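These notes concern the structure reproduced below.
The values are calculated or read from the model by the stated rules, or taken from the named source; none is laboratory data. Just so it is clear, the structure is predicted and the values come from calculations on it, not from any experiment. Glycine also receives a Cβ, built like all others from the backbone with ideal geometry; neighbour counts cover every protein chain displayed.
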Amino acid sequence: MKAAIGIALAGLLALSPLWRLAPADAAAPLRCGPFTQDALPPPEPRENAHARAVFEQINTAVKTQPHRVLFLGDSLTERFDRGVWDEHMAPRGVLNAGISGDRTENLLWRLEHGNLDGPPPQEIVLLIGTNDLGRDRTPDIAAEGIRANLLKLRQHLPAADILLLGLWPREDVPRIVQRHEIAAVNALIAACDDGSRVHYRDLGGLLLEPDGRLSPQISSDRLHFNAQGYARLVPSLDREIDHLVAGR
């Protein structure tokens, strides 16, 4: 009788949805945060024509274009210099999934509405949050928005390595510079590095001159970067991507 009950219980557990989801749930928790108890803006789409068009293009690309790395972000990703991208990112199988103007809640909406619907990538590169600061959000709110995207990625892609990039320097908004908000966000999200699936790297210093400032020669608007700026980043970015892919 006990043997029969044990067999029946094992069968029920095997059929249980909770049992089937256990591996993903186990991967979901992050070692960092929460960084604030304040409510985050809910996930929402961007309604301007460009953002909608690029969103649909990404949804198609993740299903049809071979790739092993998905680079998620905002304009700093979407506007990655094409020549530098073709030389460094494309040969590594990186798919550009950036949309200019996106904040953390916009990216989270994209992750919930198709940007992750293709074959699972081996690796994610995540660079998001600077537009949150541009909207006068505090560093802890911006960092929590980044953490929400990390949590979604861990839940949906538990086997993928995530290269979490610290926010890059910007000097277009005096408040952000004066209050050291970039450094504050990066100090928070650095704690999300778990040495296993989430790997934090701060490459922003590569964009600064010896005096600690951005040069107009690489960033005329003190926010976005030209080919010279991206050329400074890619040797380190290449190594990080190669290291994670090779370690699989």
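Observations on the model:
- Only one of 224, 199 that is assigned to a loop (DSSP other than H, G, I, E, B) and within 21 Å of residue 163 (Cα to Cα): 224
- Count of the stretch 198-227 residues which are of a type in the set (Ser, Thr, Tyr) and under 21 Å from the mean Cα position of the chain (by Cα): 1
- Positions within the stretch 44-99 being in a loop (DSSP other than H, G, I, E, B), surrounded by 15 or more Cβ atoms within 10 Å (Cβ to Cβ), without any contact (Cβ under 8 Å) to a residue 60 or more places away in the chain and not hydrophobic (A, V, I, L, M, F, W, C), in sequence order: 67, 74, 93
- Taking the numbered list (1) more than 22 Å from residue 56 (Cα to Cα); (2) touching a strand residue (DSSP E or B) at 6+ places or on another chain (Cβ under 7 Å); (3) surrounded by 21 or more Cβ atoms within 10 Å (Cβ to Cβ) in turn, residue 126 passes all entries but (1).
- Residue in the stretch 224-240 that is β-branched (Val, Ile, Thr), more than 20 Å from residue 131 (Cβ to Cβ) and at pLDDT 95 or above present: yes
- All of 198, 177 fail the test of being surrounded by fewer than 19 Cβ atoms within 10 Å (Cβ to Cβ), at pLDDT 95 or above and among the β-branched types (Val, Ile, Thr), apart from 177.
- Residue check for residue 240: of a type in the set (D, E, K, R), crowded, with 21+ Cβ neighbours inside 10 Å, touching a residue at least 24 places away in the same chain (Cβ under 8 Å) and in a helix (DSSP H, G or I): no
- Lone unmet requirement of (1) part of a helix (DSSP H, G or I); (2) surrounded by 20 or more Cβ atoms within 10 Å (Cβ to Cβ) for residue 109: (2)
- All positions within the stretch 125-156 that are outside any helix (DSSP H, G or I), closer than 17 Å to residue 106 by Cα and of a type outside the set (Lys, Arg): 125, 126, 127, 128, 129, 136
- The set of residues from the stretch 205-222 being within 24 Å of residue 241 (Cβ to Cβ) and surrounded by 18 or more Cβ atoms within 10 Å (Cβ to Cβ) comprises 207, 218, 219.
- The one condition in (1) in contact (Cβ under 8 Å) with a residue 40 or more places away in the chain; (2) over 28 Å from residue 248 (Cβ atoms) that residue 149 fails to fulfil: (2)
- Contacts under 7 angstrom Cβ, first residue in the stretch 187-212 being closer than 27 Å to residue 122 by Cβ, partner among the polar types (S, T, N, Q) and buried (at least 17 other Cβ atoms within 10 Å of the Cβ), 6 or more apart: 202/186
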